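Undergrad: Let me begin by handing over the structure; questions about it come next.
The values are calculated or read from the model by the stated rules, or taken from the named source; none is laboratory data. Please read these numbers as outputs of a predicted model, since none were measured by experiment. So basically every Cβ, Gly included, is an ideal-geometry build from the backbone, and we count neighbours across all protein chains shown. Ligands, DNA and RNA are excluded from the accessible area calculation, which covers all protein heavy atoms including side chains. Shrake-Rupley method; radii C 1.70, N 1.55, O 1.52, S 1.80 Å.
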Amino acid sequence: MCAPSFAGVEPVRIAALVPALLLAACNPPAAEDYVARVPVPGRNAPSPPIASPDAKGAIWAPSPGNPRRLIYGKPGQAVLFALECSGNRAAPDLTFTRFAAADPHAKAVLALIGNGHVARLHVDATQSGKGWLWRGSARAEDPAFEALTGGRPIEATVPGAGSLMLNPSPVLADLVLLCRAQVPPAMPGSAPGAAGAAVPLPPGTTGRGAPPPPPAR
């Protein structure tokens, strides 16, 4: 069983999982507001690292009320990870959250390893209600998110927050690709070198200057 990152958290069950996620019906991960209900006492020194959570049986499910956000965890237990397509359509971002207790105002790097990719993304301790957790954001086109689009497990590691195994799911890759598809196509004049492109020459001519006139006789 996966131990929640915050002591005393009561898991909240949601009625049913969206059928598109899994062929078998089950309950999706708990509601995300558990962090706001559990205080994290202030610390004068870095807290001891936590154990890596057991993610066996964890699934991805749409966040209630936000189809552009996926939450990850075991059915009926605390959420472990979340991924959201945020920002505006001209510059969409992917925001990722590791639901683990963080020291206030701390900074770290989230490592993603999987599907032939090794990526590192910056995360900051972000206050959520009375608690602090790890959150970061990057442009949807960032190659780091390629690690999430394959069919193999992904290892997500934050120093002090353990190593979390993210089980693959088609909905995870779909969210990444959908968020990237919102980027508008480049304008014709914005292609590299377009602004300084040379004017096409008439047929039968070259790019050289006209030859000098013959000498007078």
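Undergrad: Between region 121-138 and region 145-165, what is the C-alpha centre distance in whole Å?
TA: Between the Cα centres of region 121-138 and region 145-165 lies a distance of 17 Å.
Undergrad: Show which lysines lie in cross-link reach of residue 107 when reach means a straight Cα distance below 21 angstrom and same-chain residues fewer than eight apart are skipped.
TA: Qualifying lysines at Cα under 21 Å: 130.
Undergrad: How would you order 134-143, 80-89 from highest to lowest mean count of nearby Cβ atoms within 10 Å?
TA: Numbers: 134-143: 17.3, 80-89: 18.8.
Averaged packing, sorted descending, gives the order 80-89, 134-143.
Undergrad: I've got another one for you. How much area per residue is accessible in region 116-175 when the probe is 1.4 Å and only protein heavy atoms are counted (Å²)? Don't jump to the answer; show the numbers that get you there.
TA: On the way: 2750 Å² over 60 residues.
Value returned for region 116-175: 46 Å² of accessible area per residue.
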